[in-house]
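**Student:** Sharing a structure with you now.
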Amino acid sequence: MSALRDVAEDYLRMRRALGYKLEIQGLLLNGFISYLEQAGATTVTIENAVAWATLLLSAVQFRHEMAPSRRSRWGRRDRASRPALARLW
């Protein structure tokens, strides 16, 4: 385990002890630490944070670009089974 991961786990443990759930934030922080470990970084830098956030944003954008095709398939089925929904679309 890296020193960065130790610090991140200590941080999350302390915040959770104060009552914060940090479920999604904990996952994101662990993902960032994994990115830093793969990059061989030993400290958090602005450059690494921006690079990771850019990768994350690209993944989110890709997911949203793919979503309309999935939604339209489900939407057709819902409209056919529930005529009241057809008026909303």
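**Student:** For the range 1-44, just run the numbers: alpha carbon Rg, then divide by 2.2 N^0.38 Å, N being how many residues it has. Numbers along the way, then the final one.
**Tutor:** Details: Rg = 10.7 Å, N = 44, 2.2 N^0.38 = 9.3 Å.
The value comes to 1.16.
**Student:** Which net charge results when you count Lys and Arg as +1 and Asp and Glu as -1 among the other residues whose beta-carbon is under 14 Å from that of Ser2?
**Tutor:** My count for the surroundings of Ser2 gives -3.
Laboratory data are not the source of any read-out in this text; all were calculated from the coordinates shown. Predicted model only: the values in this text are computed from it and were never measured. Cβ atoms come from the backbone with ideal geometry, glycine included; neighbour counts cover every protein chain shown.
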